[in-house]
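Every number in this text was worked out from the coordinates using simple rules, so none of it is lab data. Computed from a predicted model, the values in this text were never measured in an experiment.
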């Protein structure tokens, strides 16, 4: 069975929800619902210096005032640190972590995919001695520091 389609809206709580973000929320909601999927709401509150007190609550209130209903609980990124650490630990255990020293200029020079997105050329993976397969990366040793 194919996984259920999931759309999401992930505003940063740096202030009130502006009109452009409201349009982005509408577009992602329409996309998710047109595919018979879920629409999830995630608050990107990991930038403590820019996050503002009560901004997340204001964003939720604004969305509700415009008739938005999301599926499931609102996820706050700041509460997911343990999950991310567990995933990172698993990748390290499998020797799938490598240090990237690419400059922004090198990444900007990367080839583009069909959709116009940058495609990582494997520069740093290859420097570590890892092998790059069609859909996988395998490393004999971890290159973490």
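Assorted remarks:
- Globularity index of segment 57-115, i.e. its alpha-carbon radius of gyration over 2.2 N^0.38 Å: 1.84
- Relative contact order for the chain, counting Cα pairs under 8 Å that sit 6 or more residues apart, in percent: 19 percent
- Between the Cα long axis of helix 19-34 and the first principal axis of the chain there is an angle of about 80°, rounded to the nearest 10.
- Calculated on alpha-carbon atoms, Rg and Dmax of segment 1-47 in Å: 12.1, 40
- Working from Cα pairs under 8 Å separated by at least six residues, relative contact order for segment 6-79 is 41 percent.
- Averaging over all projection directions, the Cα-based convex hull of segment 6-79 occupies 4.6 nm² in the image plane.
- Between the alpha-carbon centres of segment 1-39 and segment 67-112 there is a gap of 19 Å.
- Note on the chain: the alpha carbon radius of gyration divided by the globular reference 2.2 N^0.38 Å gives 1.32.
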